[in-house]
Structures are given as C-alpha cells and as structure tokens.
Amino acid sequence: MNRKKKKMSLSAKRSRTGFLFILPWLIGFIWFYARSLFMSVQFSLSDLSVSPGGGYTLDFVGLDNFLYAFRAHATYKQVLTTSVGNMLIDVPLITFFSLFMAILLNRKFRGRTLVRAIFFLPVILNSEAIVDAMDLARNMMSGGLSSASAEMAQASSGGMGIAYYMEMFGSLGIPEFLIVYLMGAVTRVSDIINASGVQIIIFIAALQSVPGSMYEVAKIEGATTYETFWKVTFPMVMPHIITNIVYTVVDSFTQSDVVELAYNTAFTESNYGLSSVFSLCSTAITCLILVIVCGAIQKRTFYYN
Amino acid sequence: MATIKSIIQDVRDDKQFANDRMRWASNIKGFILFLFRLVIIVGICYVILGPVIGIISSSFFSDADSYNPMVYMIPQEPTLYRYELASKYLDYAKTMVSSLLYAASLMAIQVFICSMVGYGFARYQFPGKNILFACVVIMIVIPTNTIMLPLYMTFAKFDVFGIIKMIKGSAVNLLSSPVPMYIMTIFGCGLRSGLYIYIFNQFFRGLPKEIEEAAFVDGAGTLYTYFRIMLVNALPSAVTVAIFSMVWQYNDTFYAKLFLVSDSIVISKRISTITATISTLEKILDPAILQLFLDAGIVLVMIPIVIIYVLLQKQFIEGVERSGIVG
C-alpha cells in the first residue's frame, strides 16, 4: 500500500515537471494562437472600426463580409482559384522532383557536398527582396533589357513558339490538359527547383534510413533496379511523402497572392473584417486540401515500424 | 554460308569474348548513366546559381555597361560606385550589426525555449499530451498570415490582465519596436517555432532512456539532467535549429512589416526600400540603373548569411539528415 502511494506520487511529480517544461509554449499558444484564431472569426463576422488611441469597436454584421467577399469583391475569387490551382499543380511536381533529386544525390560521387550545399541555397536566400531581385535577374540572364524586346518581337512574329508545340503534341492525340500541365511545369522549372530544397534533404534522410539488408535481399532474389525502386525504395519513403506534402502546401500558401491580398486589404484599405474573411477562407481551403490529400495517401502508406 | 554460321557459333562460344562484351556493355551503360546524372546536376545547379551570379555581376556594371547591348555578364568598365551608394543608404555597418544582434538574440531564445518544450513533450507523460502536441502541429500548419490582424491588435494595445493599465494608466503600444517579436519568441510562438519544437521532440524521442535513468540513479536533479546531459546530447539538432532560426529571422520581413519594426534593426526590410531612397535622394530615375544599386545592396545583405552557411553547411545538412525532421 505504502509503495503504491509512493509510486503514484512519483508519476504525478513527473507529470508536473513535464507540464512545467511545456508551460511557456502553452501560455504563448493560448495567448497568441488560440485567442487570435478566435478573434479572427470574430472580426470576420463584424464591421471593425478603429477608434483613436489604438482601440477598436466591433459591430456585428453576421455573414455580410463572407457574402461580399464571394459575391461582390472584384478579385478575391479569381486570386483564390489561381492560388489554389498553382498549389495543386506545384505540389505533385515538387514532390516527385525532390524524390528524384534525392535518389540522384544519395549516391556517392565526387563533389557531392558542394552540390548539396548548392541545392540548399534557395532555402537560405529566401528573403522577399532577394527572391524578387533573383526573379528579375533570371529574366535578365537571357541578355538584358535590349534583347528582351528583341525576343518579344521574335515571339510575336511566329517561329517555334509554345503554341506550335501544343499543336504538334495535340495532333499526336495527347489530351490537352496534360500538355497544358507539362508546359506549365516547363515554364515554372526554376520555381520548382527553388521550392524543393527542404524536401530534397528530407528525402535524402529518408533514403538513408532504409536498411541496406533490404536491397541485398532484393538483389539476391533477382530484382531489377526498376523493381527495387517500386517495391523497396518507394514504400519505405512513403511516410515522408506526407511530411513533404504538408511542408510544400504550407510553404506555397504562405507565398501565394491570397496572403498578399489579405495583407493589403487590412493595412492599405483598412477593411479588417474583409481581410479576416480572406485569411480564414483560404486557410480553411488549405486545411481541407491537406486533410484530403494526406488521408488519401495515408491509406496507401506502409509503415515499416 | 556455312562458314559464316560456324564463325558466329565460334564467336558465341568464345567465353573470353562474351565476358569482354558484357563488360563493355556495362561500362557503356555506366558511362551513359554518369553523363545523364552530370548533365542534370550541372543544369540544376546552374538554374539555382544563375541568378546569384547575375546579381553579383550586374552589381559591378557602370552606367555605360548597362546601356551597351554588347555587354553580357562581364562589365567592360567595372565600378564600385553601386556598393558605395548602397552601403551609404543602407547605413551598412550599423544596420548589419544591429540586424545580426537581433537575429542572434532571437535565435538563442528559440533554441532554449523550443528545446525545453520539445523535451517536455518527448519525455514526460501528462494528461492531454496528445491534444497539446496536436496544437504544435496546428501551429506548423496554420500560416501566421491567418492571425496577423489579431496579433497586430494585441500588440497595439498590449496589456496583461489589466496589470499594465493599473500601473501606467493605459495599455502600452509595443509596435514599431522589436519587443513583440521577443515576447512571442519567449512564449514559444516565434517565427516557425512549431517546426523547431517538432524537430527537438523527434530528436529527444530518439535518445535512449537509459541516459536519464543513469543520471537519476546518480542523483542528478531534473534541471541538471536537462541542461548538463540532454542539451549537450542534442547538439546536432540544436545546430540545425540555430542556423534555421538565425537565417530565417534575418531574412524575415513578414513580422518586421507587421510589427512595424524599425528598418535600422532589420536590414532585409531596409533593402526593400533602397531603390526608392536612392531614386529620391540621388535623382536617378532610370529603373534599370536603380536595379543595379538594389543588386549591390542585395550582395551586401547576402554576405553574412552565405558566410554562416559556408562555415556550418556540413554540420547543418548532416544535422537535418540525422537529427529529427525525419523522425
């Protein structure tokens, strides 16, 4: 009896210690995140007017802000659909590209450290100003301002443009949406490369955690490289595909135009209620996408442990 | 005909030749694969490095070079004028030092707080633990942009249970100072804190429990065990988190813009207005020329990050690989 009491008090003590360890975060979470989410919902349902001295008053208007955003606002629906569309295009491309690059970089070759360092560079240089300047520099690479106009003149005067290729592949009977998708992928190749630094590293780590004995078995059983990839490598990195998809979706949402629109609506037009509606709706859509995609993949995922 | 057939038969039977042929085939296959890999890797490295090289080279362009369509990448009359003006209007040395101090102090807090929270989640059982950890994941998934307005409001009229109002008479406005960022980071809600907590949690879960049991048996207290044993063992993930948070904090313009942090503290915010400043003060109106000043400024801003990265990249990438994100 005595011993039991003592044991219980030890576990209670440990649980209290653990609680103390996470306490700072818990306070912060409730104070900043939970409260802010609640306030966001509140703002979205009201007409907010800032009173002098930093305070504000809320007038409850029901769903008016939501109705305005979806029925009357000039650009929101369009911005939202393009952002979500871009996200849906980018996510599979980035996932497969980073898996492919991870397999390529996982082999031992000379200069591997250097190459890995270069691949991770975009993650380090992700400041807004730097990214903008790099985009501009990328356009300038093709020969500066003077040649840009020359190029435009050439493109408009016919020649082998994108339309030509589309027609060529179209006449082969390849469905049009696939061609449009691939063309989109080709024109965004630098965006995709720049967005997949973290994902490549995660996949490399995943590949290294696959036990070597599995490859030995596959080799002894006579599996080809192709079979080994689909039967051993792919199932083993499957759990990390979810991690990568979550990272990619959140990352691409944070950099999308919707966020910018919400920011401008709040701080240039001072329409706080509408801005909250924008943020909440796009967050809800992002979370919905995450839940659907992760749920679909989770079912097919094989967990080794 | 018969002779040809027999010759072919001879060739087929010749084991030595068959071996050679197979070796040749596999050599050629290996070479083609090598070439394929080389092309892809070099190509992608070029896509990544291209704009960086472009920015560096154009920051040396003089006016004449930028108007001359014959000049490509290598300026004919290189000039340091861009750097002179850019560093003058960035107030480079001063802004850089305060910017680095700001990022480094926040980094230290991040590593300390996030490792503590991660340790608490990894090693202790308490009621509601799973729900609370789900909250950490929610913090990672929900973008900060969703809650930017309430955060802005909170810090515009900052008060803790009315205590400040009691002392000072009214709530304080903490905006246009770095204080909000420090407060949020101390309470584990700084820039991407959720991710760091997750990394530390995964890492501590991977450490053997016997370490702590041994420390407990030897009479070490909780805090001693944590600071002198666990934190020392967590060095690889601490390095990863430290670099991530340092670099991202240094690059961050979102919070700096939201909390109106002065641009003499955050250099990456200051760089975004440099073209406007130079355009008004130096009466330079051609956007192509202004872009060259921006390029020089960006090179100046990039230098410290690149130095940190080059010095620590090996530990960093190995840290990411071995210490947790993957779990």
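Annotations
- Tabulated pairs, segment B:91-105, first under 17 Å from A:Ser127 (Cα atoms), second exposed (fewer than 15 other Cβ atoms within 10 Å of the Cβ), C-beta under 8 angstrom, 6+ apart or interchain: B:Thr95/B:Ser264
- B:Val310, sole failed condition from (1) surrounded by fewer than 19 Cβ atoms within 10 Å (Cβ to Cβ); (2) at pLDDT 85 or above; (3) at the interface with chain A (Cβ under 10 Å from one of its Cβ atoms): (2)
- Subset tally (residues that are in a loop (DSSP other than H, G, I, E, B) and open to solvent by 20 Å² or more (accessible area, probe 1.4 Å)) for segment A:111-128: 2
- Residue match in segment B:88-106 (condition: outside any loop (DSSP other than H, G, I, E, B), within 24 Å of B:Ile305 (Cα to Cα), of a type in the set (Val, Ile, Thr) and open to solvent by less than 20 Å² (accessible area, probe 1.4 Å)): yes
- Failed criterion for B:Tyr119 (all others in (1) in a helix (DSSP H, G or I); (2) more than 9 Å from chain A (Cβ to nearest Cβ); (3) not acidic (Asp, Glu) hold): (2)
- Hey, B:Tyr46 open to solvent by 70 Å² or more (accessible area, probe 1.4 Å), within 12 Å of chain A (Cβ to nearest Cβ) and either in contact with a His (Cβ under 8 Å, 6 or more places away or on another chain) or not in a helix (DSSP H, G or I) (or both) or not: no
- Residue in segment A:192-203 that is assigned to a helix (DSSP H, G or I), surrounded by 14 or more Cβ atoms within 10 Å (Cβ to Cβ), over 19 Å from the mean Cα position of the chain (by Cα) and not small (Gly, Ala, Ser) present: no
- Breaking point among (1) farther than 24 Å from B:Ala134 by Cα; (2) assigned to a helix (DSSP H, G or I), for A:Ser36: (1)
- Selection over segment B:95-120 of residues that are in contact with a Pro (Cβ under 9 Å, 6 or more places away or on another chain) and under 26 Å from B:Pro208 (Cβ atoms) gives a count of 3.
- Of note, B:Ile278 does not satisfy the criterion of being at pLDDT 85 or above and surrounded by fewer than 21 Cβ atoms within 10 Å (Cβ to Cβ).
- Looking only at residues in segment A:29-59 that are among the aliphatic types (A, V, I, L, M) and open to solvent by less than 20 Å² (accessible area, probe 1.4 Å), the one that is modelled with the highest pLDDT is A:Met39.
- Only one of the listed residues (B:Gln76, B:Gln9) is part of a helix (DSSP H, G or I), open to solvent by 80 Å² or more (accessible area, probe 1.4 Å) and either of a type in the set (Gly, Ala, Ser) or without any contact (Cβ under 8 Å) to a residue 24 or more places away in the chain (or both). That residue is B:Gln9.
- Any hit, segment B:135-154, residues being within 11 Å of chain A (Cβ to nearest Cβ), touching a Pro at 6+ places or on another chain (Cβ under 9 Å) and farther than 24 Å from A:Asn264 by Cα: no
- Residues that are facing chain A (nearest Cβ under 9 Å) and either open to solvent by 10 Å² or more (accessible area, probe 1.4 Å) or within 15 Å of B:Ser105 (Cα to Cα) (or both), drawn from segment B:230-269: B:Ile243, B:Phe244, B:Val247, B:Trp248, B:Tyr250, B:Asn251, B:Asp252, B:Thr253, B:Phe254, B:Lys257, B:Lys269
- Identification of helices (runs of 4 or more DSSP H) wholly contained in segment B:155-226 with 2 or more residues that are surrounded by 17 or more Cβ atoms within 10 Å (Cβ to Cβ) yields B:179-186, B:193-206, B:210-217.
- Matching residues in segment A:1-28 - criterion: being open to solvent by 100 Å² or more (accessible area, probe 1.4 Å) and at pLDDT 85 or above: A:Arg16, A:Leu20
- Note on segment A:214-305: enclosed helices (runs of 4 or more DSSP H) holding 2 or more residues that are of a type outside the set (S, T, N, Q) and buried (at least 16 other Cβ atoms within 10 Å of the Cβ) are A:234-254, A:257-267, A:272-300.
- Residue match in segment A:252-269 (condition: touching a residue at least 24 places away in the same chain (Cβ under 8 Å) and out of contact with any helix residue (DSSP H, G or I) (no Cβ under 7 Å at 6 or more places or on another chain)): no
The values are calculated or read from the model by the stated rules, or taken from the named source; none is laboratory data. Since this is a predicted model, take the numbers as computed values, not measurements. Reconstructed Cβ throughout: ideal geometry from the backbone, glycine too, with neighbour counts over all protein chains shown. Quick note on the areas: whole protein, heavy atoms, side chains included, nothing else; ligands and nucleic acids left out. Shrake-Rupley method; radii C 1.70, N 1.55, O 1.52, S 1.80 Å.
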